[in-house]
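Working notes for the structure below.
What follows is calculated from the coordinates using simple rules that are stated; it is not laboratory data. The structure presented is a predicted model; accordingly, all values stated were derived computationally and were not measured. A quick note on method: Cβ atoms are made from the backbone with ideal geometry, for glycine too, and the neighbour counts reach across all protein chains shown.
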Amino acid sequence: MAKAGDVFTVTFPFVRDTYDEQDAEGFATLPTWKPGCAYRPCAPDDTEGFCHAEGKMELTVVDVFKPGKYPARVFFTRQWIDPEGKRFGKGALRIMTMPAFKRRAQGWFADPYVIDPEGTA
């Protein structure tokens, strides 16, 4: 059972991506890491999930509250640690029921994936 102050750090897939930034010299397209997987066709009617590398997802429990007869709620924040070790993510307070939080704290929640550093969709 999660309690206030607990920190859960799990391995999470990351894919390479780009973003556009504007400064005094104009626009620039810069590389970045994005949490999650990309998908590519692997059979006539199927897809395969892949990532370029693995990083971490860090969940910090702020508090747990059980409102009467309703399921316990976990209040938490989430941060990402990309494959190069850079931390990022908004400090927004998130809320989930205890069972949903336990599933999220186990790591990647979707289909299995392969690590393919040179992969393209």
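Miscellaneous remarks
- Under a model in which nothing but the beta-carbon of Lys, Arg (+1) and Asp, Glu (-1) is charged, the chain shows a dipole of about 1160 debye around its Cα centre.
- Long-range HN-HN contacts of Glu48 with modeled amide H, under 5 Å: Arg40, Cys42
- Given R0 = 41 Å, the distance between the Cβ atoms of Phe88 and Cys42 translates into a calculated FRET efficiency of 0.85.
- For the chain, projected area of the alpha-carbon convex hull averaged over all directions, nm²: 10.6 nm²
- Among Asp23, Asp82, Asp111, the largest mean-square fluctuation in a Gaussian network model of the chain (Cα springs under 10 Å) belongs to Asp23.
- Qualifying trypsin sites (Lys or Arg not before Pro) in region 44-109, DSSP loop, other Cβ atoms within 10 Å at most 10: Lys69, Lys90
- Extension gain, Lys3 to Ile95, is 31.8 nm, computed as 0.36 nm per intervening residue step minus the present C-alpha separation.
- Interchain or long-range residues, amide H under 5 Å from Phe12's placed H: Gly55, Lys56, Met57
- Under a 5 Å amide H cut-off, with hydrogens placed 1.01 Å from N, Asp63 pairs with Phe75 among residues at least 5 apart or on other chains.
- Label-to-label distance, Ala28 versus Arg16, with points set 7 angstrom from Cα along the beta-carbon direction: 1.8 nm.
- Rg over Rh, two decimals, region 1-51 (C-alpha only, Kirkwood Rh): 1.22
- The residue list Ala4, Gln79, Gly49 was ranked by how far each Cα lies along the charge dipole of the chain toward its positive end, using unit charges on Cβ atoms, and Ala4 comes out on top.
- Centre separation in Å (Cα based) which lies between region 26-55 and region 64-121: 19 Å
- Most mobile of Glu58, Glu25, Glu48 in a GNM of the chain (Cα contacts under 10 Å): Glu25
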